[in-house]
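Taking it in order: structure first as structure tokens, then the write-up.
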Amino acid sequence: MSTVQGAGTAARTPVTVRVPAKVNVQLAVGGLRPDGFHDLANVFLAVDLYDEVTASPAEPGEGPSVTCRGPDTDQVPLDRTNLAVRAADALALRHGRSPDVRLHIRKEIPVAGGMAGGSADAAGALLACDALWGTRTPREELLALCAELGSDVPFSLVGGAALGRGRGELLTPLDVGGSFHWVFAVADGGLSTPAVYRECDRLRRERGPGAGVDAVPEPEPSPVLLAALRSGDAKLLAANLANDLQPAAISLLPSLDDTLAVGTEAGALAALVSGSGPTCAFLAEDAASATEIARVLRAEDVCRAAHTATGPAPGATVLPPAE
């Protein structure tokens with residue numbers, strides 16, 4: 001992780017950070033805890049579908065502001081509830097300074113799509129502001145700030161592949177032995193992550209012994225899936241993709257079943273809902289197959305957009321200044 005200025009020296013020019021989307025190749029969800037959260041075994045893989053967050057100097061006392069450009073950015077809040085703005089506020093508070101910064105987000109990651117777009121923007125804002133302000137925050141402190149902002153934010157900073165424990169914020173890096181080719185089908189509308197977890201709990205009560213920690217096994221990563229990542233074996237990975245939230249996402253948005261079926265019939269090795277949805281992820285054998293799957297998904301009109309991407313991808317990265 002790098003900054004563009006020396007310690008304590010604020011940058012005079014804007015700083016841009018590129019930050020990746022993620023797909024959960026395994027999302028094992030434990031039972032509902034008394035505090036309302038669920039323990040997770042969350043196997044993250046970053047993919048090369050990026051947002052860019054630019055931090056520019058603001059006048060003293062101006063405080064943070066944010067603008068946004070890209071698909072569906074009418075759904076992105078432009079006030080202090082924006083996760084990137086909250087990140088700037090948190091970093092400024094950590095260093096006892098005023099959060100004077102103008103943030104601009106160029107979005108490519110689907111909004112409310114289960115690919116951690118908001119989390120990516122928060123991680124990007126933290127790194128961009130740290131560089132802009134010359135605060136040189138140690139990596140572990142940045143990760144702690146990320147965890148305070150949201151469960152997926154630490155992985156957006158780190159990238160690559162990792163196992164997330166706790167609520168997903170306690171990360172262990174994972175080795176990946178090759179590149180994996182993906183297609184992401186963006187659904188019309190979004191799904192609320194809390195609503196998907198509530199539906200998961202409801203379905204567990206309806207279909208099984210219950211939703212609490214005493215009724216649901218402790219979440220654990222699949223050893224075979226981790227081995228598939230290490231070896232770069234796409235077919236073995238495909239056979240072990242899993243998402244405990246998928247039934248809940250489909251229950252709330254049944255059209256996802258059609259999207260998953262079309263992509264599978266088009267040649268995907270496997271398909272699953274990405275995280276809490278509603279984006280659907282298709283693992284392809286190679287780049288040519290991914291291109292064809294995306295073409296079919298668009299032609300069959302079962303999604304609003306289809307993007308190809310590969311993973312793993314690096315985490316939040318400060319880009320060189322534009323010439």
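Quick notes on this structure:
- For segment 149-186, a residue qualifies if it is at pLDDT 95 or above, not in a strand (DSSP E or B) and not aromatic (F, W, Y), and the qualifying residues are L149, V153, P154, S156, L157, V158, G160, L174, D175, V176, G177, S179.
- Residue satisfying all of: in segment 87-106; crowded, with 22+ Cβ neighbours inside 10 Å and within 18 Å of the chain's Cα centre (by Cα); farthest from P64 (Cα to Cα) among these: I105
- Qualifying residue in segment 266-285 (condition: surrounded by fewer than 14 Cβ atoms within 10 Å (Cβ to Cβ) and either at pLDDT below 95 or not hydroxyl-bearing (S, T, Y) (or both)): no
- Condition check for A215: surrounded by 20 or more Cβ atoms within 10 Å (Cβ to Cβ) and outside the structural domain of R33 (by TED's automatic domain parsing): no
- Some residue of segment 256-263 being modelled with pLDDT of 95 or more, crowded, with 18+ Cβ neighbours inside 10 Å, outside any helix (DSSP H, G or I) and at negative phi: no
- Of the residues making up segment 181-223, those that are of a type in the set (G, A, S) and at negative phi are A185, A187, G190, S192, A195, G208, A211, G212, A215, S222.
- Residues satisfying the stated conditions in segment 196-226, i.e. of a type in the set (A, V, I, L, M, F, W, C), touching a residue at least 40 places away in the same chain (Cβ under 8 Å) and out of contact with any strand residue (DSSP E or B) (no Cβ under 7 Å at 6 or more places or on another chain): V196, L203, L226
The values are calculated or read from the model by the stated rules, or taken from the named source; none is laboratory data. Note that the structure is a prediction, hence the values are computed from the model and not measured. No Cβ is skipped: glycine too gets one built from the backbone with ideal geometry, and neighbour counts run over all protein chains shown.
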